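Inspection log for the structure reproduced underneath, given as structure tokens.
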Amino acid sequence: MTDMVPRCPGDSSIAFLSEGYLFGRRRFDRWNSDVFACRLGGRRTIVLRGQDAARWFYEEPRLSRVGAMPTSVVHSLQDEGSVQALSGAEHRARKSLFLRTFGHEGRLSLAERFSQHWDQAAEAWNQGSIMLLDEVSAVLTRATLDWLGIAVTPDQEAERTRELQAMIDGAGSFGPRNWRGRTLRRRTEAWAAAVIEQRRALGAASNGAPIDVIAGWEDAPGQPLPVDVAAVELLNALRPVVAIARFVVFAALALARWPEWRARVLTEPSARAAFAAEVRRSAPFFPVVAGRPTEVLNWNGVRFTPRERVLLDLFATNRHPGEWPDADRFDPARFIGGDSARRIVAQGGGDSARRIVAQGAGDMVDGHRCPGEPSTETILELAVTKLASGDWLFVEGMPSVDLRRIPADPGVRPVRVHWKG
């Protein structure tokens, strides 16, 4: 029962902020447990890890996202009335918008545009040093706007890139970094609302691009989304794609550390997919997701009440020592074959790549798993291929990764890459 759950003494807010991604893992390992309780911001919080916990967290309909995370985080990444904040039938109805736009054809179309814009940008990178995260973010912004069907000027594109980067970077912090992200988000929301109004004014003249699907979406017949809500959902189609840039930077770091994978990535499709999957498993993306019980719930004998917060530790789940052999080792082969892969499939009872919870767990249609996850996989595989075929190096040696910073970046400062073509 709950009384048997290990507990942290006092309030752990300072420890969480100072330890970052390692906060949960250190305590799971200390107590050899997949659950512990603590106080964060004065609120009793139960922290979980592991595949069983992930499935329960994402499939439990009585875990609400409303009020689970601090307002500063919520406003950086989403907003009231957005798809992430909904549950049950409302969530499924709104999510079908994203399942439609990020479906098979949409995924391939978006990936094609990413490839085209990467190649165009890479011509300008030749024989010069670039800030990799900034440049890839710009490519993803350009490609996604093109795919959505939104025409912008170069200055507007640069503004959107800066704003979207600030939202992503500020989501895991408190203070100036978060304030900047939230301030720039208001500017982006105003732009998105103007885009929605413009597309609605076109009416029959619109061309059926993804932006038209978003602008014309109705949760129920005859009930179009309010302009501000449609604007938020437009950002929910744009911002997560730009966030893939962080995976791309971690992929570059992995290729630099394990150069023997370059040739395999270029010659073996299975190696390319496996390398991208291992990046998604091992890279520090967003560390936790939060839920709030709407009634008394139970998981494996642990009792949750509406007064408590539930955190699923994504980073610790993807490095669970009992579920991922040699969990701290970067090993794409675990997704290709051999003893490692066989053990993973035997334990998970299916495709091991589906067990990565960087973007959620459970069913993509009925649960809160991100409908853009297949697009993330495809774009990351493309980026890995382009990185493997390029001639580049890190200017100041191998960057480090500060796991105390949320979201994590390789190196204390932005990574500068010398790109030779």
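The values are calculated or read from the model by the stated rules, or taken from the named source; none is laboratory data. Small disclaimer: the values here were computed from a predicted structure and weren't measured. Accessible surface areas use protein heavy atoms only, side chains included; no ligands, DNA or RNA. Shrake-Rupley method; radii C 1.70, N 1.55, O 1.52, S 1.80 Å.
Side notes on the structure shown:
- Taking the centroid of alpha carbons for each part, the stretch 218-269 and the stretch 279-331 are 21 Å apart.
- Solvent-accessible area assigned to carbon and sulfur over the stretch 270-330 amounts to 46 percent, based on a 1.4 Å probe.
- Whole-Hz ³J(HN,Hα) from phi, Karplus 6.51 cos²θ - 1.76 cosθ + 1.60, for the stretch 316-332, glycine and proline x: 5, 5, 6, 10, 5, x, x, 10, 10, x, 6, 4, 8, 8, 6, 9, x
- Ligands, DNA and RNA are left out, and with a 1.4 angstrom probe the accessible area of the stretch 204-320 is 34 Å² per residue.
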